[in-house]
1. Of the residues that sit in the stretch 43-66 and are of a type in the set (V, I, T) and farther than 22 Å from F88 by Cβ, which one is surrounded by the fewest Cβ atoms within 10 Å (Cβ to Cβ)?
2. So which pairs qualify, if the first residue must be in the stretch 79-107 and within 15 Å of N147 (Cα to Cα) and free of Cβ contacts under 8 Å to residues at least 60 places away in the same chain, the second must be surrounded by 17 or more Cβ atoms within 10 Å (Cβ to Cβ) and among the polar types (S, T, N, Q), the Cβ gap must be under 9 Å, and the two must be at least 6 apart or on different chains?
3. Inspect the stretch 260-272 for any residue being in a loop (DSSP other than H, G, I, E, B), acidic (D, E), at pLDDT below 95 and over 16 Å from the mean Cα position of the chain (by Cα) and give the result as yes or no.
4. Evaluate the stretch 121-130: report whether one residue or more is surrounded by 21 or more Cβ atoms within 10 Å (Cβ to Cβ) and either touching a strand residue (DSSP E or B) at 6+ places or on another chain (Cβ under 7 Å) or of a type outside the set (S, T, N, Q) (or both).
5. I'd like to know if the stretch 109-119 contains one or more residues that are among the polar types (S, T, N, Q) and either surrounded by 15 or more Cβ atoms within 10 Å (Cβ to Cβ) or closer than 26 Å to L8 by Cβ (or both).
6. Return the residues of the stretch 1-46 that are under 19 Å from the mean Cα position of the chain (by Cα), part of a loop (DSSP other than H, G, I, E, B) and among the charged types (D, E, K, R); say none if nothing qualifies.
7. Under the condition of being touching a Lys or Arg at 6+ places or on another chain (Cβ under 7 Å) and outside any loop (DSSP other than H, G, I, E, B), which residue from the stretch 80-129 is nearest to K171 (Cα to Cα)?
Amino acid sequence: MIDFFAALLIDFFIGDPQRFPHPVRLMGNIIAFQEKAARKVSKSNTMLKICGALIVFINLAISFLIPWAILNILKNYGAIYHIVNTYFLYTCVAGGCLKREGMRIYSSLSEGIEEARYKLSFIVGRDTRNLDEKEIIRATVETVAENTSDGVIAPMIFAIIGGAPLAFVYKMVNTMDSMLGYLNEKYRYIGFFPAKTDDVFNYLPSRITGILMCAASVFRFNVLNGFKIMIRDRKNHKSPNCAYPEGAVAGLLEIQLGGDNVYFGEVMKKPKIGDKIKELKRDDIKRTIEIMYRSEIFLALIYFILFGVVL
């Protein structure tokens, strides 16, 4: 438990230094290598789909077994074990990274639209070249909202359940989806199983995240509207999960998210999420980051209280 809270504090105060060794970057390199190899050996779309399933199976195994083996070897070495375990847990939580990237885009809006588009391109898969200011704000809010589940609450939940090894499994699943889980022609087959696996792993965390967002925003944002939009618009997304945190944020801030986006030159039609009670403004980026931290702190408090009761 001490390692868990230490990891959250480290993430909060220092975030994710860009040149600091990070397991998720290694995961990305592994997946990129696997994709290249799969495309080289596959002679049909069916074979690509089978390779996607193999990639999922192999990566689930290595992402659990490697940290489990390391921690098992170090379990009798006291301080070293706790340092490594804290580091592993810290690398699974991305709140600090989300805040940094969100605020970079927020600040770049004052520097010019081209700079904001460029900064946004690092954190979204959609084409940012022709986005106006409101579309940039929308994309940033959506990304922070969605990744409050993927990058903060979900890894916390899996860490609470199964420690660093299970949190690593989740991060691998999420990384596979972010690299392969697109619905366009290029990734439709190789990304089928990675995307479905991500849907399964995020089913409960995404819904818990939406609830946490609303519950943690009492006396600050429109909580009743947050619950209303989250439930009403929960199916207004290609993903069975993403609309829950995005809907909660849209309702809490009384703004409208969703709509069409361009990915790899293809227009993806998406329904709207929320009601346009208020126009999107730059400060909605800051408010979404605040909602993210409120949700993280609320979950940590729940864990602390429950852990104390169990003891």
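1. So the first thing to find is which residues in the stretch 43-66 are of a type in the set (V, I, T), and the list is 46, 50, 55-56, 58, 62, 66.
Now restrict to residues that are farther than 22 Å from F88 by Cβ: 46, 50, 55.
On the way: T46: 10, I50: 17, I55: 23.
Once the filter is applied, the top-ranked residue is T46.
2. E101/T140; E101/T143
3. Going residue by residue through the stretch 260-272, those that are in a loop (DSSP other than H, G, I, E, B) are 260, 264-265, 269-271.
Subsequent filtering for residues that are acidic (D, E) retains 260.
From the residues that got through so far, the ones that are at pLDDT below 95 too are 260.
From what's left, over 16 Å from the mean Cα position of the chain (by Cα): 260.
Within the stretch 260-272 (the criterion being in a loop (DSSP other than H, G, I, E, B), acidic (D, E), at pLDDT below 95 and over 16 Å from the mean Cα position of the chain (by Cα)), the answer is yes, since at least one residue qualifies.
4. There is no residue in the stretch 121-130 that is surrounded by 21 or more Cβ atoms within 10 Å (Cβ to Cβ) and either touching a strand residue (DSSP E or B) at 6+ places or on another chain (Cβ under 7 Å) or of a type outside the set (S, T, N, Q) (or both).
5. We begin by selecting, within the stretch 109-119, every residue among the polar types (S, T, N, Q); these are 110.
Applying the additional criterion that residues be either surrounded by 15 or more Cβ atoms within 10 Å (Cβ to Cβ) or closer than 26 Å to L8 by Cβ (or both) yields none.
No, the stretch 109-119 contains no residue that is among the polar types (S, T, N, Q) and either surrounded by 15 or more Cβ atoms within 10 Å (Cβ to Cβ) or closer than 26 Å to L8 by Cβ (or both).
6. D16
7. Within the stretch 80-129, the subset touching a Lys or Arg at 6+ places or on another chain (Cβ under 7 Å) is 81, 92, 104-106, 108-109, 117, 119, 128-129.
Those still in the list that are outside any loop (DSSP other than H, G, I, E, B) too: 81, 92, 104-106, 108, 117, 119.
Numbers: Y81: 21, C92: 7, R104: 24, I105: 24, Y106: 26, S108: 29, R117: 27, K119: 23 Å.
For the stretch 80-129, the residue satisfying everything is C92.
The values are calculated or read from the model by the stated rules, or taken from the named source; none is laboratory data. Note that this is a predicted model, so its numbers are computed, not measured. Note that each Cβ is placed from the backbone with ideal geometry, even for glycine, and that neighbours are counted across all protein chains shown.
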